[in-house]
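For reference, the structure is listed below as structure tokens.
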């Protein structure tokens, strides 16, 4: 087992100093941000570590872990709303999407007995699944909104021919879903060749047999693929429904003000 | 229908095709309140062609099939001939067409639904003079064949060439409605000033 302790952690902090020094040398003006990011990451993770230590205690009910999963879903939905604020009711949409993806993926993982259900498996797997689907979820919401805004002429020409809104929107929903899912698919293809993903690296560092670590990693990648496809599809369909009226009109789509 | 830009001509057409709904008042088609009609069915009865050509990705055939999924090659060729294009166009990439060709495909696409009325929103504003003439002839031909065309234009010469009845829209109001011939003499002062101003530019 690997235990770097606080001394080891403090030593790796030297690398943050390297980043700060480079920023100063090249006058990037990022010193403050780097220091804040490093401190913030440490504080957040230490806090999470503390909570996990409590949750993983066998004496603590697994209901608390489920509550933690719900909290992660809510936080993910908040993040999606912050990054795609122009989409009407995107919060409830993201909440639904992550909820359904959780049911599907956790249902397979635990329902079919791939992993034994306890806090030690539930929290990390749900975290990986939600965290890794978030980018694709934001991407599909933004992309579909942009497609329907930029191609309003085309969409309305389709409506004017008597196409129902679901059909008129279909090519643009397809484009948005493809765009949002492609990076995840590319990552899946390149895994192992280009980079060693986090779950596997962590397990190997922690002393797990590399082959066992690889099996877990492959399973995790499948989970992420499945959940990203689920969340993007739910959000894609949801955004389409929210941007059209019941009587098949495309609502106004003002230019979004976005923070990156 | 003529009027200065921003006067509400396009909005009026969009109301007729139900791409927009009125905040107040009622739009009727053949006596029926549009709000009481199925919008999808209404849009096929009241076809609309837009200012900028809007070819969809895919072939011309696929464009026509958006209007009528079961459209066969024979019917597609007929639809194209109706707008003065040869049947050979069916396999062309709709996005590769010239502006005038694309606009004619858009009209053909609308006609595939057999509309009872056709709304034309400045359809010649982004095409070359020969395509303009072709589209004008098509519009006149439709009207002669008993399909009324509501044609929006800012080109008064075009209005004089095409119109049987003229609506003048200024600031969101129809300020004049009547025969085209008597326009210059019978119309109220505001309309004549608008016409004179437009012709001067």
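Each residue in A:110, B:50, A:244 was given a count of other beta-carbon atoms within 10 angstrom of its own, and listing them fewest first yields A:110, A:244, B:50.
Structural descriptor for chain A: relative contact order 25 percent, calculated from alpha carbon pairs under 8 angstrom and at least 6 residues apart. Among A:145, A:222, a tally of other beta-carbon atoms within 10 Å of each Cβ gives an order, fewest to most, of A:222, A:145. Against chain B, whose longest principal axis comes from its Cα atoms, helix B:189-200 is set at around 60 degrees.
By the compact-protein rule of thumb, 2.2 N^0.38 Å, the alpha-carbon radius of gyration of region B:99-201 corresponds to a ratio of 1.13. The share of C-alpha pairs in region B:12-152 whose separation exceeds 18 Å stands at 55 percent. How big is the gap, in Å, between the Cα center of region B:35-51 and the Cα center of region A:129-153? That distance is 30 Å. As a ratio to 2.2 N^0.38 Å, the alpha-carbon radius of gyration for region B:86-153 is 1.10. The value of relative contact order for region B:1-92, using C-alpha pairs under 8 Å at least six residues apart, is 17 percent.
When the inverse distances between all different Cα atoms of region B:1-78 are averaged and flipped, the Kirkwood radius reads 14.8 angstrom. Residues considered: B:62, B:184, B:136. Largest GNM mean-square fluctuation over chain B, using C-alpha springs under 10 Å, is found at B:184. Take each residue in B:48-58, count the other chain C-beta atoms within 10 Å of its C-beta, and the mean is 4.
Give the average, rounded to an integer, of partner chain Cβ atoms located within 10 angstrom of each Cβ in A:245-256. Numbers along the way, then the final one.
Details: counts 2, 1, 8, 6, 6, 1, 0, 0, 0, 0, 0, 0.
Neighbouring Cβ atoms belonging to other protein chains average 2 per residue here.
The alpha carbon radius of gyration of region A:1-80, expressed as a multiple of 2.2 N^0.38 Å, is 1.50. Structural size metrics of region B:59-124, computed from C-alpha coordinates, are Rg and Dmax of 10.9, 30 Å. Taken over the Cα atoms of the protein assembly as shown, the convex hull encloses 227 Å³ per residue.
Remark on region A:123-196: Rg and Dmax equal 16.5, 51 Å (Cα only). For the pair region B:96-138 and region A:1-23, the centres of their Cα atoms are 68 angstrom apart.
Please report A:188, B:124, A:33 as a ranked list, fewest other C-beta atoms within 10 angstrom at the top and most at the bottom.
Result, fewest neighbours first: A:33, A:188, B:124.
Mean projected area of the convex hull spanned by the Cα atoms of chain A, taken over all viewing directions: 17.4 nm². Summary of the geometry: region A:28-64 and region A:179-241, compared by the centres of their Cα atoms, lie 22 Å apart. For chain A, the longest principal axis of the C-alpha atoms and the axis of helix A:90-106 are separated by about 60°.
Mind checking the angle between helix A:210-243 and chain A's longest principal axis? C-alpha axes, 0 to 90 degrees, to the nearest 10. On a 0 to 90 degree scale, this one is about 30. Taking every DSSP bridge with both residues inside the protein assembly as shown, close to 50 percent are antiparallel. Just A:27, A:217, A:240 to compare: in a GNM of chain A, with alpha carbon springs under 10 Å, which one fluctuates most? It is A:27. The length gained by stretching the chain between residue A:21 and residue A:188 to full extension, at 0.36 nm per residue less their Cα-Cα distance, is 56.6 nm.
Each value in this text was obtained by applying a stated rule to the coordinates, not by laboratory testing. Everything numeric here is computed off the predicted structure, so don't read it as measured data. For neighbour counting, all protein chains shown are included, and Cβ atoms are generated from backbone atoms with ideal geometry for every residue, glycine included.
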